[in-house]
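Undergrad: Okay, handing you the structure first.
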Amino acid sequence: MVTVLRPEQVRERYGKLFCQGFFTMVDEQNGVAQIVEKCVSRGPVEWDTVNRKRAGGILKEIRSEGVTITMDTIIGESPIRFGPVSSELGGQGICSLKVDGDRVTTKWMGLAGATVGIGACIPQCEDVIETIYPDDFKIGGAHYAEVEIITPKMIRVVIGVDDTDTKEKGASWVTMMRLGRECPIGRYLDHKIIQLNPKAPNKTTNCCSTAVAFAVRPDEVKDLIEYAKEFLSKNTYSSETVMTVFKGLRIPERLEQFGWDAKHILFEVGDALKVAEECNVDVVEITGSKGTIGAVAAIGCFDMGLRSAGVPEDFECP
């Protein structure tokens with residue numbers, strides 16, 4: 001027998017705690033997923049990050065920034081390895097993730113104080129559908145606990161754009177920041193400014209494109225794209241604006257290479273269209289076509305970290 005609790009029932013049982021966001025994006029074609037968790041303080045974020053990394057399980061990479069944890073995982077299962085230090089340090093980890101229709105179930109294990117995080121804190125987040133507890137579940141102290149947390153299935157959508165401004169008016173990075181923050185569909189994840197080839201003859205000043213990413217349910221993708229198209233149509237100053245769309249968690253290597261090369265090579269629109277077709281990137285002309293190169297490159301550079309904002313010379317060894 002098990003007990004199934006919704007977030008409001010968990011709050012009633014344990015009191016209001018600290019999880020501000022918990023959602024799961026899946027990329028079934030590549031067999032991977034990404035879990036994003038937001039807390040109110042850096043302390044739990046840092047402790048959870050270190051302990052989950054130590055435990056392993058299905059985690060491939062985990063990183064924290066401020067009060068947010070981002071976990072890259074496989075879709076599947078893998079045993080937790082708390083290790084010999086667990087009796088002194090406690091521990092926490094994730095051992096499985098499975099997709100069932102429009103739901104994602106993650107299985108968590110915790111020792112001692114870590115049982116509070118997986119048994120009371122995350123399960124009361126409004127993003128959670130419900131949590132499954134075994135009948136012998138106990139929280140805190142020296143207890144060991146397992147729970148299954150069920151969330152809606154979501155996917156990542158990255159939207160790139162270039163050429164929304166002129167030499168007199170506008171800035172593409174500002175337009176896309178507004179798009180990300182004002183969009184009522186899904187969860188706004190991130191915003192990137194992509195430095196491109198500063199020698200491009202048709203640039204405004206800095207020669208940058210930009211992109212934003214969202215976590216959305218599969219049935220929201222069409223509405224998100226239509227919202228972005230309408231937003232850009234209303235807010236662009238240029239007659240050459242192009243929007244690109246990519247769905248998934250892994251940017252293809254061919255697309256990443258194009259994005260990096262666009263920082264020092266002058267491509268033609270046809271080159272960008274070919275790469276977009278090969279890498280499942282949708283290209284949408286908003287007011288013209290010249291922004292195609294930068295909009296495709298924006299997708300390619302989205303997951304490059306600091307490299308997205310620089311040119312090759314910035315990263316050459318001295």
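The values are calculated or read from the model by the stated rules, or taken from the named source; none is laboratory data. Just so we're clear, the structure is a prediction, and the values are computed from it rather than from any experiment. Here Cβ is always computed from backbone atoms with ideal geometry, including for glycine, and neighbour counts include all displayed protein chains. Ligands, DNA and RNA are excluded from the accessible area calculation, which covers all protein heavy atoms including side chains. Shrake-Rupley method; radii C 1.70, N 1.55, O 1.52, S 1.80 Å.
Undergrad: Hey, among the residues in segment 169-184 that are open to solvent by 30 Å² or more (accessible area, probe 1.4 Å) and touching a residue at least 24 places away in the same chain (Cβ under 8 Å), which one's nearest to M154 (Cα to Cα)?
TA: It comes out as P184.
Undergrad: Ok, one more. May I ask you to verify whether K290 is farther than 12 Å from G160 by Cβ, touching a strand residue (DSSP E or B) at 6+ places or on another chain (Cβ under 8 Å), open to solvent by 80 Å² or more (accessible area, probe 1.4 Å) and modelled with pLDDT under 95?
TA: Judged against the criteria, K290 is a match.
Undergrad: Just one of (1) buried (at least 21 other Cβ atoms within 10 Å of the Cβ); (2) of a type in the set (K, R); (3) modelled with pLDDT of 95 or more trips up R217, so point out which.
TA: For R217, the failing item is (1).
Undergrad: For T115, work out the one condition from (1) crowded, with 23+ Cβ neighbours inside 10 Å; (2) part of a strand (DSSP E or B); (3) more than 25 Å from the chain's Cα centre (by Cα); (4) of a type in the set (S, T, Y) it doesn't fulfil.
TA: (2)
Undergrad: Another question, if that's okay. Do you know which residues across segment 4-20 are surrounded by 15 or more Cβ atoms within 10 Å (Cβ to Cβ) and either in contact with a Phe, Trp or Tyr (Cβ under 8 Å, 6 or more places away or on another chain) or at positive phi (or both)?
TA: Listed by number, the list holds a single entry, L5.
Undergrad: Out of everything in segment 69-86 that is open to solvent by less than 30 Å² (accessible area, probe 1.4 Å) and touching a residue at least 40 places away in the same chain (Cβ under 8 Å), what residue ends up being farthest from L189 (Cα to Cα)?
TA: G76
Undergrad: A further question follows. Of E126, E226, E146, E230, which residue is free of Cβ contacts under 8 Å to residues at least 60 places away in the same chain and either under 30 Å from G57 (Cα atoms) or open to solvent by less than 30 Å² (accessible area, probe 1.4 Å) (or both)?
TA: That would be E146, the only listed residue that is free of Cβ contacts under 8 Å to residues at least 60 places away in the same chain and either under 30 Å from G57 (Cα atoms) or open to solvent by less than 30 Å² (accessible area, probe 1.4 Å) (or both).
Undergrad: So, one more: With respect to S209, is the statement that it is at pLDDT below 95, more than 15 Å from G310 (Cα to Cα) and of a type in the set (S, T, Y) true?
TA: For S209, the condition - at pLDDT below 95, more than 15 Å from G310 (Cα to Cα) and of a type in the set (S, T, Y) - is not met.
Undergrad: Scanning for something touching a Lys or Arg at 6+ places or on another chain (Cβ under 8 Å), open to solvent by 10 Å² or more (accessible area, probe 1.4 Å) and either modelled with pLDDT of 95 or more or of a type in the set (S, T, Y) (or both), does segment 250-259 turn up at least one residue?
TA: No, the conditions are met nowhere in segment 250-259.
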